[in-house]
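A quick write-up on the structure given underneath.
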Amino acid sequence: MYFGVDYYPEHWVFPYAGTAEEPESRWPVDIQLMLDAGVNVVRLGEFAWGLYEPEEGKFNFDWMRRAMDLFNEAGIKVVLGTPTAAPPIWLARKHPEILPIDAHGQIKHEGTRRAYCANSDVYWEYTQKILRALVGALGHHPALIAWQIDNGIGGHNTETSFNEETRRDWHAWLKAKYETVARLNDMLGLSFWSQRVTRFEDVPMPRQTPTVHNPALIVDWMRFSSDTLVAYMRMQAQLLHELTPSIPVTNNLRALWRSFDHFDMAEALDFVSLDSNATINTKSAELACEIDMMRSLKKQGVRTPDGDCGFWVIEQKAGNVNWQDVNSLVRPGVVRLFTHQLISRGACGVLYFLWRQPRIGSEKFYGGVLGHDGSAETRAYREIKQIGHEIKRLAPFLKGTRVVADVCILYSHENDWSLRFTTQPTQHFHYREHIQLFYTALHDKNIPVDFARPTEDLSRYKIVFAPSLSLLACGEADLLRMYVQNGGTLVSTFNTGLVDEHHIAPDSGYPHDLTDVFGLEVREFDPLPPGEQNHLTFRGAFPATHLHPGKLWCDIIEPKGCQVIGVYSKDFYSGKPAMTMNQYGNGRAVYLGTMSDQPFYHDLVTWLRNLCGLHPLLKVPDTIEVSLREKEGQRIFFLLNHQNSPVRLHFYKPMHDFLSGNTFTGSYDMPPHGVLVLDEQPEHRQAAAEHAKTATVHSGQGSAPAIAAG
Ligand code: GLA
């Protein structure tokens, strides 16, 4: 398994390190410290264009080759960045048309990074030139195992630009999609405010205007902008595949933060890598959700450097970040905990950002493995060294294992763009927060979750959650119908099927094309201001542990054959359904007409678990996070204590912990931020049989070990 750091050799030469006589003398010192910590890979060079090519056509890759040679001698492999995230100053001076223009018509100037428009022909041309030169110089270096294309694509709000070349490509994209101007006018609904056009060339880019643009146009614009970034990534990937076919390509993505389709982007890559922020304020369920989103981006065709099937964490923060209001120190043990959390959810490579706090530039107070003084006497170095040794122990057992989920949450970028960038019934609805309510409930009950787009094959999932697919393409609705018909359990919510892929509202009732699947029709919806609540009362077997509110949005539902599970208890729609279930084909479709607080979603998952025969991975105290990586004949459980206090576990079977080498029986106090990596080895199963008589608590799937709360 690859374990490493992001390293900037250019930061560690004279006058910032080394001496005038031996400017690079710090490099071997760093390498030795890396080796001691178990490092076997580094990422280099993702912003180095201006150093590789200080003047147009005058290349100097020698310094990087010397660094790579040293790494190679030490047996440390290299992921090399293509340096296009930071175009050199001379390029922007010579070709200012590469600089991105924003919706106000303002240029984003040169002098930092990401100052390029991905529609610029000139930028494509220069990208190919620097890639060819880079591959010529370093692409066949024995240390090289992967390319990272660009860096943080779309970051710093560069997902869209409004340049003249963007306008040209936008019109070509529209032409390819609609073929005729008449169709474009109809499908985009340009009769509204009579904005019809007679030529494709007259369709505006959605720049700053007196009021909001046509939503159909906005969604198309976001699709087009996403396709632009994916095309730029694909162009680099294709060139690299052609020049170095054996070297896989990746990019550092963030969990669906940016406004491009991350699933499309992942298709252009051989394997997905992510940036992860271990900060003390982040909740474990939110981090876990991000990790599962990223793991789910590429479910097939993964090609990692060592042939493993997961994803990489190419920037796991080694300490504090530098972009919060207050960048507090990360507490001892937290980086280790978050690293194991990433691995537990499928990471098969982890690199820390960054090896050493730079003495120059805008990230000098970012937490590093080493501080400015370069001493290894740091808390972070000790912690990472410990993790390095743990990973060495774990790696052979983890190889080839994967996370398997029976539950899936749907995520649609197009829907997200529609919700964020067009007028909505309420400004207080947040798609991501709504998803998190479902995710947290599943996470807290230790039920593994995949994410998927609505167009994927969902047949393998027992339950599919589809929160707020407000923009739902007709084809997507058909797939959901089929999923239920064939025996699946679909859980949808308010704010579903209000518009189709053309942003046209249905004339056949909401949710469009699915009213028969849910056995209901939403007649009206009532968005509630913050602070206002309705209340829900339940019928039958729904296990309500609290008085659950209805918040933010209340659908007024006319049942048409569905079973009513819960009703509103206030206002003129008091007594009307708020939650329903419908048998359709061989499956069921559950509908939640409102939003509630977190405890409702916990109750919902308890109810669904019984309904669908879902089991938690293990029974443990609520505060312990459990994940499972498995392959034929091997099940490895990760237990993480996210608390600042110890948590007592009871083992009803002896369990072997890979990290400590201990076998646990009876009770064990898991320390604050503690991690256990437990397996089910045959000899332990044997031993477990002896203890079967005393095993009073059994949970999880048939053969899952039983651990119970103290
Ligand atoms: C991203 C970038 C890094 C660094 C961090 C700071 O992850 O890839 O270069 O700037 O952000 O948060």
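The values are calculated or read from the model by the stated rules, or taken from the named source; none is laboratory data. Given the structure is predicted, the values throughout are model-derived calculations rather than measurements. Every residue, glycine among them, receives a Cβ derived from its backbone with ideal geometry; neighbour counts consider all protein chains shown. When the accessible area is computed, the model is the full protein with side chains, heavy atoms only, and any ligands, DNA or RNA have been set aside. Shrake-Rupley method; radii C 1.70, N 1.55, O 1.52, S 1.80 Å.
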Carbon and sulfur together cover what percent of the accessible area of the stretch 546-672 at a 1.4 Å probe radius? 46 percent
Taking the radius of gyration and the Kirkwood hydrodynamic radius from Cα positions alone, what is the Rg/Rh ratio for the stretch 389-497, to two decimal places? 1.07
Could you name the aspartates and glutamates in cross-link range of Lys619, using Cα to Cα under 12 Å and dropping any fewer than eight places away on the same chain? Asp444
Quick one: if the Förster radius is 56 Å, what FRET efficiency do Ser569 and Thr198 give, using the C-beta to C-beta distance and rounding to 0.05? 0.50
For the pairs Lys399/Lys631; Lys283/Lys653; Lys462/Lys560, flag any whose C-alpha to C-alpha distance is greater than 20 Å. Lys283/Lys653; Lys462/Lys560
In nm, what is the difference between 0.36 nm times the number of residues separating Trp63 and Ser667 and their Cα-Cα distance? 211.9 nm
Jot down the per residue volume, in cubic angstrom and as a whole number, of the convex hull over the alpha-carbon atoms of the chain. 167 Å³
Take the cross-link list Lys317/Lys445; Lys77/Lys364; Lys108/Lys385 and give me the ones stretching past 30 Å between alpha-carbons. Lys108/Lys385
Go through Ala285, His503, Trp221 and say which Cα lies farthest out towards the positive end of the charge dipole of the chain; charges sit on Cβ, +1 for Lys and Arg, -1 for Asp and Glu. Ala285
If the convex hull is drawn through the Cα atoms of the stretch 67-155, its volume per residue in Å³: 105 Å³
Size of charge dipole - the chain - debye, nearest 20, with Cβ of Lys, Arg +1 and Asp, Glu -1, no other charges: 1200 debye
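Classify the stretch 325-468 as rounded, prolate or oblate, taking a ≥ b ≥ c as the square roots of the eigenvalues of its Cα gyration tensor: rounded when a/c is under 1.5, otherwise prolate if a/b is larger than b/c and oblate if not. Can you show the working numbers first?
Details: a/c = 2.84, a/b = 1.51, b/c = 1.88.
It comes out oblate by the Cα gyration axes.
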Using all Cα-Cα distances in the stretch 271-400, what percent lands in each 5 angstrom bin from 0 up to the longest? 2, 11, 20, 22, 19, 14, 9, 3, 0
For Cα pairs less than 8 Å apart in space and 6+ apart in sequence, what is the mean separation divided by the residue count of the chain, i.e. the relative contact order in percent? 9 percent
Regression test value, accessible area per residue of the chain, probe 1.4 Å, units Å², expected 38 Å²
Stretchable slack from His389 to Thr455, in nm (0.36 nm times residue separation minus alpha-carbon distance): 19.6 nm
Find the eigenvalues of the gyration tensor of the Cα atoms of the stretch 345-420, then list the square roots of 5 times those eigenvalues as equivalent ellipsoid semi-axes, largest first, in whole angstrom. 34, 25, 8
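R0 = 25 Å: FRET efficiency of Arg539 with Gln485, Cβ-based, nearest 0.05?
Computed FRET efficiency for Arg539 and Gln485: 0.45.
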For the stretch 547-676, alpha-carbon Rg relative to the globular expectation (2.2 N^0.38 Å, N residues): 1.49
Say the dipole of the stretch 1-66 comes from +1 at the beta carbon of Lys and Arg and -1 at that of Asp and Glu; which of Phe14, Gly45, Gly4 then lies farthest toward its positive end? Gly4
Peptide ranges 148-154, 320-326 listed from the most packed, as the mean C-beta count within 10 angstrom indicates: 148-154, 320-326
The stretch 1-157 -> Rg/Rh from Cα coords, Kirkwood Rh, value 1.01
As a test of reading the structure, rank Ser25, Ser259 by solvent-accessible area (1.4 Å probe, protein chains only), most first. Ser25, Ser259
Three principal axis extents, largest first, for the C-alpha atoms of the stretch 222-344, in Å? 45, 35, 22
Could you let me know the centre-to-centre spacing of the stretch 385-449 and the stretch 583-645, using Cα atoms, in angstrom? 13 Å
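State whether the stretch 486-529 is rounded, prolate or oblate according to the following rule on the C-alpha gyration tensor (a ≥ b ≥ c being the square roots of its eigenvalues): a/c under 1.5 gives rounded; otherwise a/b larger than b/c gives prolate, and the remaining case gives oblate.
Oblate, because a/c is 1.5 or more while a/b does not exceed b/c.
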For the stretch 4-52, the percent of all C-alpha pairs falling in each 10 Å bin, from 0 up to the bin holding the max distance, is 25, 48, 26, 1
Charge dipole magnitude, Cβ of K and R +1, D and E -1 - the stretch 469-536, Cα centre, debye nearest 20: 200 debye
At Ile360 and Lys129, where each label point lies 7 Å from the Cα along Cα→Cβ, what is the point-to-point distance in nanometres? 2.4 nm
For the stretch 293-360, state the average projected area of the convex hull of the C-alpha atoms over all orientations, rounded to one decimal in nm². 6.2 nm²
Segment Thr623-Gln300, length gained on full extension (0.36 nm per residue, minus Cα span): 113.0 nm
What distance in nm separates the two pseudo spin-label positions at His430 and Cys612, each 7 Å out from Cα along the beta-carbon direction? 2.5 nm
Treating only Lys and Arg (+1) and Asp and Glu (-1) as charged, each at its beta carbon, one finds that the stretch 530-578 has a dipole about its Cα centre, in Debye to the nearest 20, of 120 debye
Where His156, His140 fall by accessible area, highest first, once all protein chains stay in place (1.4 Å): His140, His156
Considering only protein heavy atoms, with the full assembly of protein chains and a 1.4 angstrom probe, order Asp669, Asp657, Asp444 by accessible area, largest first. Asp669, Asp444, Asp657
Using a 1.4 Å probe on the protein chains only, how many percent of the accessible area of the stretch 107-219 belongs to carbon and sulfur? 54 percent
I need to check one value: relative contact order of the stretch 248-318, counting alpha carbon pairs closer than 8 Å and at least 6 residues apart, in percent. 43 percent
Could you estimate the translational diffusion coefficient of the stretch 605-653 from the Stokes-Einstein equation, with Rh from the Kirkwood formula over C-alpha pairs, at 25 °C and 0.890 mPa s, in whole µm²/s? 191 µm²/s
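How would you classify the stretch 205-287 from its alpha-carbon gyration tensor, with a ≥ b ≥ c the square roots of the eigenvalues: rounded for a/c under 1.5, else prolate if a/b is greater than b/c, otherwise oblate?
Verdict is oblate for the stretch 205-287.
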Straight-distance crosslink candidates among lysines, where the alpha carbon sits under 16 Å from Lys570 and sequence neighbours closer than 8 are dropped: Lys551
For a Förster distance of 22 Å, can you work out the FRET efficiency between the beta-carbons of Ala231 and Trp90, rounded to the nearest 0.05? 0.30
Quick one: compute the contact order of the stretch 90-142, relative version, from alpha carbon pairs under 8 angstrom and 6+ residues apart, as a percent. 25 percent
